[in-house]
Amino acid sequence: MEAPPLPPGASRLEAGDYDLLDRARRASERAWAPLSHLHVGAAVRWAGESGEFVGCNVEDLSQAGTVHAEQAALAGAILNRTSTSTSTARLLTHVAVFAFEAKTNRVASASPCGACRQLLLQFNPEARVLFTVGDDVVDSRLTELLPHPFELPRT
Ligand SMILES: [Zn+2]
């Protein structure tokens, strides 16, 4: 299903950020969303030579196992990373999320949910997050979106 174009607010993004958000937009076209009809795509940029990875939402008819686009993109980045170190320090540099409603073909809010914010944050609290909201694009950082994340006690 063809996604609508990026909203007008995307025009103020730098070229690399615009391209990452457009990759998320194209990933949203592949979403599996028979319940909500909300197609979500995400693109993550990984530090070093590991590159960029995309994902889309995959809804579960039981609603218990739905995969979010950010989770799918992150899984691709983890799978394809060049280092197998378990250190999470600053691996994630950018996250872009785009969403549209399939029934109206209109851009929708793609603000990452709390669970995705928590998941992504462990790979770099300072990672930039770009997401669509109506005609605009929010440009933020994970630490701003989730200022008090869950943390395991240090041992
Ligand atoms: Zn989520």
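Just so you know, all these numbers are worked out from the coordinates, no wet-lab data involved. These figures come from a predicted structure and were not determined experimentally. Cβ placement follows ideal geometry from the backbone for every residue including glycine, while neighbour counts extend to all protein chains displayed.
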**Asked** Which whole-Hz couplings ³J(HN,Hα) result when phi for each residue of the range 64-80 is put into the Karplus expression 6.51 cos²θ - 1.76 cosθ + 1.60, θ = phi - 60°, listed in order with x for Gly and Pro?
**Response** 8, x, 4, 9, 8, 4, 5, 5, 5, 5, 5, 4, x, 5, 5, 4, 9
**Fill in**
Under 5 Å from the placed amide H of R30, counting only residues 5+ away or on other chains, we find none
**Request:** Work the Kirkwood hydrodynamic radius out for the chain: mean of 1/r over every pair of different alpha-carbon atoms, inverted, in Å.
**Result:** 15.5
**Request:** Provide the per-residue ³J(HN,Hα) series for the range 119-126, in order, calculated from phi with Karplus coefficients 6.51, -1.76, 1.60 and θ = phi - 60°, each as a whole number of Hz, with x at glycine and proline positions.
**Result:** 4, 5, 4, 5, 9, 2, x, 8
**Prompt:** Under a point spin-label approximation (7 Å from Cα along Cα-to-Cβ), what is the R26-H148 distance to one decimal in nm?
**Reply:** 4.2
**Item:** Relative contact order (%) - criterion: Cα under 8 Å, at least six apart; region: the range 64-147
**Value:** 28
**Asked** Under a plain spin-label model, where a point goes 7 Å from the Cα along Cα-to-Cβ, how far apart in nm are S11 and S62?
**Response** 4.8
